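Read the structure below first, then the notes.
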Amino acid sequence: MGWKSLDDMELAGKRVLVRIDINVPVENGLVTDATRIERIAPTVADILAKGGRPILLAHFGRPKGKVVLDLSLRVCLPALEKAFGQSVSLVETLEGAEARTSEDENASILLLENIRFYPGEEANDPEFAARIAALGDVYCNDAFSAAHRAHASTEGLAQLLPSCAGRLMQAELSALETALSTPTRPVGAVVGGAKVSTKLDLLANLVGKLDVLVIGGGMANTFLGAMGADLGASLQEPDLHDTARDIMIKAETAGCRIILPVDGRVAREFKAGAAYDMVTLDQNTVLAADQMVLDAGDAAVDVILDEFKTLKTLIWNGPLGAFEIEPFDIATMKAAKAAAHATRAGALVTVAGGGDTVAALNLAGAADDFTYISTAGGAFLEWMEGKTLPGVAALGG
Ligand code: AMP
């Protein structure tokens, strides 16, 4: 941890440029989920409490360097004001921002219009970054979810101003460092989901760091196939059998045990309520051409739960089956509940992230008990892949 937090900064009378992520879902001009907005409220409150003046920078959608009125941040104002309990002014132009930020009166919180309206943002243009930097005295990055991008507002500003992490960034980094950089061992991970191809870097990095790796979902089929199983119509990527074998060898060399499902729920239709058989899975399994493994089976879940009992730290990304359609949610729900229970009991530190993972844990009612759930998506995955995130590196992390 080489980065500073708000606790390390002197903010009285300072203009604080705060990069936030409020790229929230919007329907018919209304924010439908304000979670991202609510999560930055502590940062804004702490800056105000320290006598600083927040000037918020954010992107919204992909305007690609042009003004796209449908992607104005105006839509976020009511939710921001509700979350902060005070007024927020949208500043539509850089000239307007220059005028407003040079006023010395401690006026309302400012929100600069969609930073991606400017081509200099995604290009990380030094001149653009300098112009934005001139609007503030201190830079605070609270957008971990954008930290895998080297843009002017996520990376460039940190080179130009005294910088720190906001509260949400601080929580993300602390959780990720606890889970992967300095975990209490044994440390394990559940990696599930559809495809090995989207998680190759993730698997390659994790096997070098973990004691146990539980592989589930469609990607387990690719590993079983690589061992010789014929899994019929199951989702898998036969062209990645060699890669799967490489990952297994790398894991063995690194001392990471790979746990594959020892049985599965096997159906002939990919639909809710489809009839299924519980089938033993190993290198000798041969399914009919129209059969599909849609979920880990009961014995597989028992093995996974036994593994959880030995662990002190658990990372979770991806479901153990096609969790959106019952009854193929069973393994994911049971394992998520067990991890939540162990976390509540103080026996396990649990850190989860990645799009579908959050949905699955919410469905299991497990999300509140997990130690930390990252909503950062791509940035979470890149961290787990062992990549350097430019926005974090620029803060000194
Ligand atoms: P990912 O985005 O890679 O985490 O994959 C999540 C998706 O994988 C979910 O939509 C699941 O329904 C799907 N999935 C997981 N296991 C299976 C499986 N055995 N067969 C088909 N789809 C699966």
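Here are the numbers for this structure:
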{"quantity": "Test: residue in the range 166-173 that is surrounded by 17 or more Cβ atoms within 10 Å (Cβ to Cβ) and more than 15 Å from the chain's Cα centre (by Cα)", "calculated": "yes"}
{"quantity": "Candidates Leu305, Leu363 - the one that is open to solvent by 40 Å² or more (accessible area, probe 1.4 Å), over 14 Å from the mean Cα position of the chain (by Cα) and under 16 Å from Gly193 (Cβ atoms)", "calculated": "Leu363"}
{"quantity": "Looking only at the range 193-202, and only at residues there that are under 15 Å from the mean Cα position of the chain (by Cα) and surrounded by 17 or more Cβ atoms within 10 Å (Cβ to Cβ), the one that is nearest to the ligand (Cβ to nearest atom)", "calculated": "Gly193"}
{"quantity": "Looking only at the range 308-356, and only at residues there that are surrounded by fewer than 18 Cβ atoms within 10 Å (Cβ to Cβ) and either outside the structural domain of Val196 (by TED's automatic domain parsing) or among the aliphatic types (A, V, I, L, M) (or both), the one that is nearest to the ligand (Cβ to nearest atom)", "calculated": "Ile325"}
{"quantity": "Test result for Leu90, touching a Cys at 6+ places or on another chain (Cβ under 8 Å) and in the same structural domain as Ala49 (by TED's automatic domain parsing)", "calculated": "no"}
{"quantity": "Residue check, Glu324 of a type in the set (Asp, Glu) and out of contact with any strand residue (DSSP E or B) (no Cβ under 6 Å at 6 or more places or on another chain)", "calculated": "yes"}
{"quantity": "Residue within the range 236-254 that is within 16 Å of the ligand (Cβ to nearest atom), in contact with a strand residue (DSSP E or B) (Cβ under 8 Å, 6 or more places away or on another chain), open to solvent by less than 40 Å² (accessible area, probe 1.4 Å) and outside any helix (DSSP H, G or I) present", "calculated": "no"}
{"quantity": "Some residue of the range 203-217 being closer than 25 Å to Glu324 by Cα and in contact with a His (Cβ under 9 Å, 6 or more places away or on another chain)", "calculated": "no"}
{"quantity": "Test: residue in the range 366-379 that is away from the ligand (no atom under 16 Å from the Cβ), open to solvent by 20 Å² or more (accessible area, probe 1.4 Å) and within 25 Å of Gly208 (Cα to Cα)", "calculated": "yes"}
{"quantity": "So Asn284, is it of a type outside the set (Gly, Ala, Ser), away from the ligand (no atom under 12 Å from the Cβ), part of a loop (DSSP other than H, G, I, E, B) and out of contact with any strand residue (DSSP E or B) (no Cβ under 7 Å at 6 or more places or on another chain)", "calculated": "yes"}
{"quantity": "Condition check for Lys387: surrounded by fewer than 19 Cβ atoms within 10 Å (Cβ to Cβ), over 17 Å from the mean Cα position of the chain (by Cα) and charged (D, E, K, R)", "calculated": "no"}
{"quantity": "Residues of the range 91-133 that turn out to be in a helix (DSSP H, G or I) and either in contact (Cβ under 8 Å) with a residue 12 or more places away in the chain or buried (at least 16 other Cβ atoms within 10 Å of the Cβ) (or both), as a count", "calculated": "19"}
{"quantity": "Residue within the range 195-202 that is without any contact (Cβ under 8 Å) to a residue 12 or more places away in the chain and within 25 Å of Ala331 (Cβ to Cβ) present", "calculated": "yes"}
{"quantity": "Qualifying residue in the range 270-280 (condition: surrounded by 22 or more Cβ atoms within 10 Å (Cβ to Cβ) and in contact (Cβ under 8 Å) with a residue 12 or more places away in the chain)", "calculated": "no"}
{"quantity": "Gly397 touching a residue at least 12 places away in the same chain (Cβ under 8 Å) and either touching an Asp or Glu at 6+ places or on another chain (Cβ under 8 Å) or assigned to a loop (DSSP other than H, G, I, E, B) (or both)", "calculated": "yes"}
{"quantity": "The range 224-252 residues that are within 21 Å of Gly188 (Cα to Cα), paired with ones that are of a type in the set (Phe, Trp, Tyr) (beta carbon under 6 Å, 6 or more apart)", "calculated": "Ala244/Phe223"}
{"quantity": "Among (1) in contact with a Phe, Trp or Tyr (Cβ under 9 Å, 6 or more places away or on another chain); (2) in a loop (DSSP other than H, G, I, E, B); (3) under 29 Å from Ile373 (Cβ atoms) - the single one Pro261 does not satisfy", "calculated": "(1)"}
{"quantity": "Qualifying residue in the range 14-33 (condition: within 20 Å of Gly136 (Cβ to Cβ), surrounded by fewer than 15 Cβ atoms within 10 Å (Cβ to Cβ) and among the aliphatic types (A, V, I, L, M))", "calculated": "no"}
{"quantity": "Any hit, the range 182-189, residues being within 16 Å of the ligand (Cβ to nearest atom) and surrounded by 24 or more Cβ atoms within 10 Å (Cβ to Cβ)", "calculated": "yes"}
{"quantity": "Residue list for the range 12-47, restricted to those being under 21 Å from Val392 (Cα atoms) and outside any helix (DSSP H, G or I)", "calculated": "Val16, Leu17, Val18, Arg19, Ile20, Asp21, Ile22, Asn23, Ile40"}
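The values are calculated or read from the model by the stated rules, or taken from the named source; none is laboratory data. Quantities reported herein were computed from a predicted structural model and do not represent experimental measurements. All Cβ positions, glycine included, derive from the backbone under ideal geometry; neighbour counts span all protein chains shown. Areas reflect the complete protein model, heavy atoms only, side chains present, ligands, DNA and RNA absent. Shrake-Rupley method; radii C 1.70, N 1.55, O 1.52, S 1.80 Å.
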